[in-house]
Protein chains: 2
Amino acid sequence: MRRERDKIKIIPLGGLNEIGKNITAIEYKNEIVIIDCGLKFPDEEMYGIDIVIPDVTYLVKNIEKVKGIFLTHGHEDHIGALPYVLKQVNVPVYGTKLTLGIVETKLKEHGLLSIVKLVCVKPRDIIKLDSMSVEFIRTSHSIADSTAIAIHTPMGVVLHTGDFKIDYTPIDGCVADFARFAELGKRGVLLMLADSTNVERPGYTMSESTVGETLQKIFAKATGRIIVATFASNIHRIQQVIEAAEKFDRKVAVSGRSMENILAVAIEYGYLTANEGTIISIDAINRYPADKITIITTGSQGEPMSALTRMAASEHKKVNIVEGDMVVISASPIPGNEKLVSRVINQLFKKGADVIYEALADVHVSGHACQEELKLIHTLIKPKFFMPVHGEYRHLKQHAELAVRLGMQKKNVLIGDNGDVIELTRSSIRKNGNVVSGQVFVDGLGVGDVGNIVLRDRKHLSQDGILTVVVTIEKENGSVIAGPDIISRGFVYVRESEDLMDEAREIVKNALKECEENHITEWATIKSNIKDALRLFLYEKTKRRPMILPIIMEI
Amino acid sequence: MRRERDKIKIIPLGGLNEIGKNITAIEYKNEIVIIDCGLKFPDEEMYGIDIVIPDVTYLVKNIEKVKGIFLTHGHEDHIGALPYVLKQVNVPVYGTKLTLGIVETKLKEHGLLSIVKLVCVKPRDIIKLDSMSVEFIRTSHSIADSTAIAIHTPMGVVLHTGDFKIDYTPIDGCVADFARFAELGKRGVLLMLADSTNVERPGYTMSESTVGETLQKIFAKATGRIIVATFASNIHRIQQVIEAAEKFDRKVAVSGRSMENILAVAIEYGYLTANEGTIISIDAINRYPADKITIITTGSQGEPMSALTRMAASEHKKVNIVEGDMVVISASPIPGNEKLVSRVINQLFKKGADVIYEALADVHVSGHACQEELKLIHTLIKPKFFMPVHGEYRHLKQHAELAVRLGMQKKNVLIGDNGDVIELTRSSIRKNGNVVSGQVFVDGLGVGDVGNIVLRDRKHLSQDGILTVVVTIEKENGSVIAGPDIISRGFVYVRESEDLMDEAREIVKNALKECEENHITEWATIKSNIKDALRLFLYEKTKRRPMILPIIMEI
């Protein structure tokens, strides 16, 4: 019994074998601690889906054990599912000031602010629970106020790095807390879970401050307006843009809802500083000469509705791109967004703007540790067990190999999957069963009401459209009274395909006649006969397979 | 009159402001020469489209002038539209041996081989027409037998580089014909059109032979099967795999239809050599020990139906990935394919294979010239006028700027667009009007029968699905006899949304009742009333906007 109890369970509910929706449950005795609660953006196969959130059935079932959600930082893939998860698992949320500031804005939008308890912490704070305590440790990342989390148990320490990089010259001067990491490492860490995002990249990620140097050079030579697109949450990047603007005597205006939201939080909480009068309303930009203006905007990923995309397409109400504008895209395209970003760059160039992006200048650095930085953290912590997190399988695998190359025993390195129950003792780590996990689709107001069947239909519809076949039949004898009518959408240009449609109608008529002759009266059979005949005919004629939807009306 | 006549017209019908469907018409006096005839792969907004081909209305209208299609090389984006264009513009096709070999396979599949005249040329061959002559000049690219094309006119020479890189150590030993380029440059080139693909990359593209060195290292340490995925057309890459296999005493089998096709052509024509007995059937791989086997396969882009993707998903009939297999992805993901490739890499790793890809080793080089190579060709040719081709606007723009930095006058550099008529005299280049151009969608057997309306519908269907509303009404008095029935696809899980559907039916009933009460009998109005009521209701309930398709049956 004693032995049975003395296990820490690590239950990743998201973030493994995927980029996004990071959430890990750590369970010891009668307590569960949740680290992060992120969303994932839909991939191209998830037609019509707005966002993807983790399945937290396990937490709902064990709600009395759940002591809180502990946030490493304020990025969407770590906090974005909170408004949905908190509706099912309303527990206190712990995080640093900026992180909670961003969470607050989010909860306000969902009308949840009054019912959720937010607990603001500082680095080195330790939250004591019954059998565990949770410690926040400062790190560097592409958002301010990010932390690692150490969970202290009688069995040992579990350290989750969160997303991190090593930056000796961070913009806010707050270097990661190497001393504490070293101390923990010296005393012994039982398990480390570490960020695997950039494990395929050799060397080091450059310091955020190097981007500032590039920005200053760009500002020095620009003669018109400067428009900088970056992630709204990258406060340090924005700080550097403001500093460059001030140095070159420019005002700064902001465009894009998320940028305005986060800026308001960051300024209020003192994470962003600007001289009196530097920041002006976007409505005021035309009161100044072009060479006195900087605009900071969203849209660095070419997102269809974002401010920069609207500027590039001449659909922005306040900013019209003109010759002489200098646009700086201070970000990397996230895999999958390359074409969107490229479209925006092309449009901006065509409007006569000068466009500077990663391929042309060092206007971006990553927020994640490359190989040498990972080696540093492994070497400092020297954990007994290691579990790579935050990555697709390829990244987890490479990170596991990196750990082994640094001297860890293979059996002490475990690659997990979402839903795994990973049992940790002082001397072993192993998978033992699994819990419900997976992805829940959010589409409009619907959470979870779109599943694989609906998505399969949407995919089918997107490929070749739909043909609806309607026929009204007499209840008594099954004879056709009206129709068949065929209406198609997304299949062919109807006007240019009248013959095809006429022939299709004949095919349906024949199928109906055959049914009548064979005294087939069951609707399901009639429908499937119509479908089969039409499918064959259309495929032969067009090599396409539209969805066919036969509808029988009976009177 | 004399002056009016003495103009060369350059009419790009594809390949500008896009990657793909390269085709350029060059017109002088009563002759038109076409350079290349490529397809483009659909982007993610082109739902259900198989391929995109150029609109060649201009060539059809001027068919008596068209003297031939001259191919620079055998890549799909330069030859892929031939089967469609030749049906409308049946003119002789000129190209080098390997290029025509690939074209032949293609025409055979389309049943066109017997009706098209193919003319095989060698580098330095000159095809004399009435007022122009067309010269083929050897270049290096990621397919063997690639050429630039020089068109000699009494007004001067128009040089089209085709796709090229500078490779001093090409696999076949056939270095680009620098002597001829230099000679042309010395005598004076009026206009150069040059490949802009890699203009954003500084430095040089590495030689193809460097990949061979990496492959040899990989082969030296592999202990199981080696599976190499690359582009089927990259004969030189395949040659290097074969050489590595032979060096390490391995057999070579091939998987993937396009790989088998091109290999057959390449071996038949002597572009690919292998020792007797090296190449074995894919059916024979299990007769040899794992460390004696190499498999060359398609699927380096993670294409859903390709051989490697099927292997990774355990759907390949002949090759089952096992622990110890070494998979080499000898290609770069084309922008837009990153996620597909990543999925394949993850699956292969999960199956226990070792996977080597570009992020981990130098297993690929580009086929296009980087900045320093472009500078070399500009410096050798020193054209009077320059027009960047083969790129999105960002590439064309950067290439134009590169030319200016090398000393060209701005007014002598022209960025064109598809459909532009660019008039060239001895002393000027300018746009003067334009012709019909654009993209024609191929979907199954349909060429051009899917246009923007159909695509818009497919997009709409893909986002939120469709609701079909059917009602049967009495012809005389418009009263409802049957229905309304509502059938949805791709909208919500019907079983879990019965209430919603019941309410929706009520909404439709009310709309119908209102129509009756107001004596509205026009179908169009009834339908639009149903649509409006339902759209409002559904958006309020779900924040989704499915397509709504009202159908009225009258008896």
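Per the listing A:D172, A:D163, the residue uniquely touching a Phe, Trp or Tyr at 6+ places or on another chain (Cβ under 9 Å) and either within 25 Å of A:A25 (Cα to Cα) or open to solvent by 10 Å² or more (accessible area, probe 1.4 Å) (or both) is A:D172.
Might you let me know whether segment B:123-136 holds any residue that is open to solvent by less than 20 Å² (accessible area, probe 1.4 Å), modelled with pLDDT under 95 and over 18 Å from the mean Cα position of the chain (by Cα)? Checked segment B:123-136: no residue is open to solvent by less than 20 Å² (accessible area, probe 1.4 Å), modelled with pLDDT under 95 and over 18 Å from the mean Cα position of the chain (by Cα). Where strands (runs of 3 or more DSSP E) sit wholly within segment A:23-75, those with at least 1 residues that are open to solvent by 20 Å² or more (accessible area, probe 1.4 Å) and either modelled with pLDDT under 95 or among the aliphatic types (A, V, I, L, M) (or both) occupy A:51-54.
Being modelled with pLDDT of 95 or more and of a type in the set (D, E) is the filter here; which residues of segment A:355-387 pass it? Matches in segment A:355-387: A:E372, A:E373. Of all residue pairs spaced 6 or more apart or on separate chains, those with beta-carbon atoms under 9 Å, a first member in segment A:193-206 that is within 7 Å of A:C370 (Cα to Cα) and a second member that is among the β-branched types (V, I, T) are A:N198/A:T205; A:Y204/A:I166; A:T205/A:I166; A:T205/A:V365. Scanning segment B:392-407 for residues being crowded, with 20+ Cβ neighbours inside 10 Å, touching a residue at least 24 places away in the same chain (Cβ under 8 Å) and more than 10 Å from every other protein chain (Cβ to nearest Cβ) gives a total of 3. Residue pairs whose Cβ atoms lie under 7 Å apart, separated by 6 or more positions or on different chains, with the first residue in segment B:23-51 and in the same structural domain as B:I137 (by TED's automatic domain parsing) and more than 26 Å from A:L340 (Cβ to Cβ) and the second acidic (D, E) and part of a loop (DSSP other than H, G, I, E, B), are B:I23/B:D36; B:T24/B:D36; B:E31/B:D130. Open to solvent by 30 Å² or more (accessible area, probe 1.4 Å), free of Cβ contacts under 8 Å to residues at least 40 places away in the same chain and within 14 Å of chain B (Cβ to nearest Cβ): is that true of A:K317 in this structure? The answer is no for A:K317. Condition (residue is within 47 Å of the chain's Cα centre (by Cα), more than 20 Å from B:V470 (Cα to Cα) and in contact (Cβ under 8 Å) with a residue 60 or more places away in the chain) applied to segment A:463-476: is it met by at least one residue? Yes.
Residue count for segment A:23-50 satisfying the condition of being under 27 Å from A:R458 (Cβ atoms) and of a type outside the set (A, V, I, L, M): 10. I need a count of the residues in segment B:435-458 that are open to solvent by 30 Å² or more (accessible area, probe 1.4 Å), facing chain A (nearest Cβ under 7 Å) and either aromatic (F, W, Y) or touching a residue at least 60 places away in the same chain (Cβ under 8 Å) (or both). Qualifying residue count for the region: 0. Per the listing A:L500, A:L538, the residue uniquely touching a Ser or Thr at 6+ places or on another chain (Cβ under 9 Å), modelled with pLDDT of 85 or more, within 12 Å of chain B (Cβ to nearest Cβ) and farther than 29 Å from B:K543 by Cα is A:L500. Does segment A:123-141 contain any residue that is β-branched (V, I, T), under 18 Å from A:A194 (Cβ atoms) and touching a Ser or Thr at 6+ places or on another chain (Cβ under 9 Å)? Yes, some residue in segment A:123-141 is β-branched (V, I, T), under 18 Å from A:A194 (Cβ atoms) and touching a Ser or Thr at 6+ places or on another chain (Cβ under 9 Å). Within segment A:459-481, the residues that satisfy the criterion of being buried (at least 21 other Cβ atoms within 10 Å of the Cβ) and within 9 Å of chain B (Cβ to nearest Cβ) are A:L461, A:S462, A:D464, A:G465, A:I466, A:T468, A:V470, A:V471, A:T472.
Put simply, of B:I530, B:I526 the only residue that is in contact with a Cys (Cβ under 6 Å, 6 or more places away or on another chain) and modelled with pLDDT of 85 or more is B:I526.
Checking B:G324, B:G352, B:G336 one by one, the residue that is within 12 Å of chain A (Cβ to nearest Cβ), open to solvent by less than 50 Å² (accessible area, probe 1.4 Å), assigned to a loop (DSSP other than H, G, I, E, B) and within 29 Å of B:S281 (Cα to Cα) is B:G352 and no other.
The values are calculated or read from the model by the stated rules, or taken from the named source; none is laboratory data. Owing to the predicted nature of the structure, the values given are computational and were not obtained by experimental measurement. Cβ coordinates were reconstructed from backbone atoms using ideal geometry, including for glycine residues, and neighbour counts include every protein chain displayed. Ligands, DNA and RNA are excluded from the accessible area calculation, which covers all protein heavy atoms including side chains. Shrake-Rupley method; radii C 1.70, N 1.55, O 1.52, S 1.80 Å.
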